[in-house]
Amino acid sequence: MKVASFNVNSLRARLSLVLRWLAEHQPDIFAVQETKVQDVDFPTDAFEPTGYKYVFKGQKSYNGVAIFSRSEITNVKLGLNDEPKDPARLIKAEINGLVIVNTYIPQGYSTESEKFRYKLNWFSRLRSFFEKGFKPTDPVLWVGDFNVAPQPIDVYDPEGLLGHVCFHPEARKALSRVVQWGFVDVFRMHSHQPGQYTFWDYRLNSLGRNLGWRLDHIMATQPLAKKCTASYIDKTPRLAEKPSDHTPVVAEFDW
DNA sequence: ATGGTCGGCAACCGA
């Protein structure tokens, strides 16, 4: 079973790139973030011929998540337990006897802003979401754009970026509290090489200088993590003619 | 050098 996560930065703007990538890599489960499309405008016509099943939740202009699957998708749930009014950042489903939770976590804007407190609190509420609904011994995948680089190895300038909302110690601690519930970062399980990123800012010629961040993650509880045979970042979509600023992360499981 | 570029959507916001 192959699982992938990709922040597409507008599903409609990236439609041909996504369809090409799907056809080439044929993931069994494909989680996308920042679809930036309302449900009524979701490009169903483009995905029907692929044979994928899919579920999605979007809103106008911002956010938006979706899950594509080769197998049946059941028990879909949108949003965190206590906030049905912000549903376009989390979509949960059951596929092939496992639970998948796909999140687009708030970016946070600046450490002085209320948005940063909201981000930190979002992680806290997400931990409660896992505590209330699941056990660490259940097969659970938590994937998506977390907007946090967990370790110094995951950013191009760990000293200079300490004050950034995506590398701030408080943000990393907030992420680690959710991870400590029972997740394994399956990408880091397989590779400890530096310079492996999933995001490069459109500005600054960041891609050419590899000024990147590893913000997109595939986390698995122990029953799944021990069956993870490989994990890698596919940089080729970031080199495309019209790339997203993010690129997919992939994990393979004997499942 | 404290910049720059995207997407959505119709003026800037969010990243």
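The values are calculated or read from the model by the stated rules, or taken from the named source; none is laboratory data. Small disclaimer: the values here were computed from a predicted structure and weren't measured. As a convention, Cβ positions derive from the backbone with ideal geometry for all residues, glycine included, and neighbour counts pool all protein chains shown.
Numbers for the structure displayed
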quantity	calculated
Residue within region A:200-219 that is touching a residue at least 12 places away in the same chain (Cβ under 8 Å) and away from DNA strand B (no atom under 16 Å from the Cβ) present	yes
Matching residues, region A:1-49, being of a type in the set (A, V, I, L, M), buried (at least 24 other Cβ atoms within 10 Å of the Cβ) and away from DNA strand B (no atom under 16 Å from the Cβ)	A:3, A:4, A:29, A:31
All positions within region A:213-255 that are closer than 15 Å to residue A:139 by Cβ and basic (Lys, Arg)	A:226, A:227
Neighbours by Cβ (under 7 Å, 6+ apart or cross-chain): first from region A:2-14, without any contact (Cβ under 8 Å) to a residue 60 or more places away in the chain; second surrounded by fewer than 16 Cβ atoms within 10 Å (Cβ to Cβ) and in a loop (DSSP other than H, G, I, E, B)	A:11/A:43; A:12/A:43
Candidate set from region A:57-87 (those that are in contact with a Phe, Trp or Tyr (Cβ under 8 Å, 6 or more places away or on another chain) and either of a type in the set (Val, Ile, Thr) or modelled with pLDDT under 95 (or both)); member that is farthest from residue A:168 (Cα to Cα)	A:73
Any strands (runs of 3 or more DSSP E) falling wholly within region A:1-71 and containing at least 1 residues that are among the small types (Gly, Ala, Ser)	A:2-7, A:29-33, A:65-69
Residue check, residue A:108 part of a loop (DSSP other than H, G, I, E, B), in contact with a helix residue (DSSP H, G or I) (Cβ under 6 Å, 6 or more places away or on another chain), more than 25 Å from residue A:30 (Cα to Cα) and within 16 Å of DNA strand B (Cβ to nearest atom)	yes
Which numbered condition residue A:77 fails, given (1) more than 15 Å from DNA strand B (Cβ to nearest atom); (2) under 17 Å from the mean Cα position of the chain (by Cα); (3) in contact (Cβ under 8 Å) with a residue 60 or more places away in the chain	(3)
